[in-house]
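Working notes, structure below.
Read the figures in this text as sums done on the coordinates, not as results from a lab. Worth saying up front: this structure is predicted, and the values here are computed from it rather than measured. A quick note on method: Cβ atoms are made from the backbone with ideal geometry, for glycine too, and the neighbour counts reach across all protein chains shown.
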Amino acid sequence: MERYEILTRYRWLMMEAETLIRQADKVMKIGAPADMRSTWPTMDKLLGLPRGTNDPESASAQSFDGYISRLREKADELISICDQFETVIALLADDQERVICRKYYALGLTDETIAVQVHMDQSTVNRIRNRAIENLKSA
């Protein structure tokens with residue numbers, strides 16, 4: 001995998017993982033009191049429910065299981081390319097480039113959000129990030 005591909009793959013994996021977490025969170029909230037959410041996966045009641053029935057609680061548990069399974073797959077893939085990601089980030093010569101690229105690719109922030117955080121214009125953040133990518137591609 002090329003350097004730029006590592007960065008973009010890492011960003012997409014992070015975004016997919018965040019989406020799966022939000023979806024699992026929605027499933028956990030369906031029909032469950034707020035104080036029960038922290039114990040949802042280990043509740044004795046759920047452990048005894050059959051999977052794949054028309055029972056709403058079982059269906060929620062099955063959906064939750066699917067989201068967690070996919071999330072584990074994404075986490076494993078993130079772990080597998082984490083060292084490569086850090087190596088690519090370390091290749092950037094400028095501290096600003098490293099900070100902006102880490103916020104964009106690892107944290108999944110937009111140029112606009114990064115600009116607010118680093119006190120720059122959005123166009124400046126975009127220019128710095130694009131320059132960093134061009135330097136990585138040409139090196």
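Between ASP94 and GLU5, what FRET efficiency follows from the Cβ-Cβ distance if R0 is 25 Å, with the result rounded to 0.05? Result of the calculation: an efficiency of 0.70.
At a Förster distance of 30 Å, what's the computed FRET efficiency of ASN130 paired with ALA75, Cβ-Cβ distance as r, to 0.05? In this case the efficiency is close to 0.50. Each principal axis of the Cα cloud of the range 62-139 was evaluated for its coordinate range; sorted largest first, these ranges are 46, 28, 16 Å. List the relative contact order of the range 93-139 as a percent without decimals, with contacts defined as Cα pairs under 8 Å and 6+ residues apart. Reported as a whole number, the value is 36 percent.
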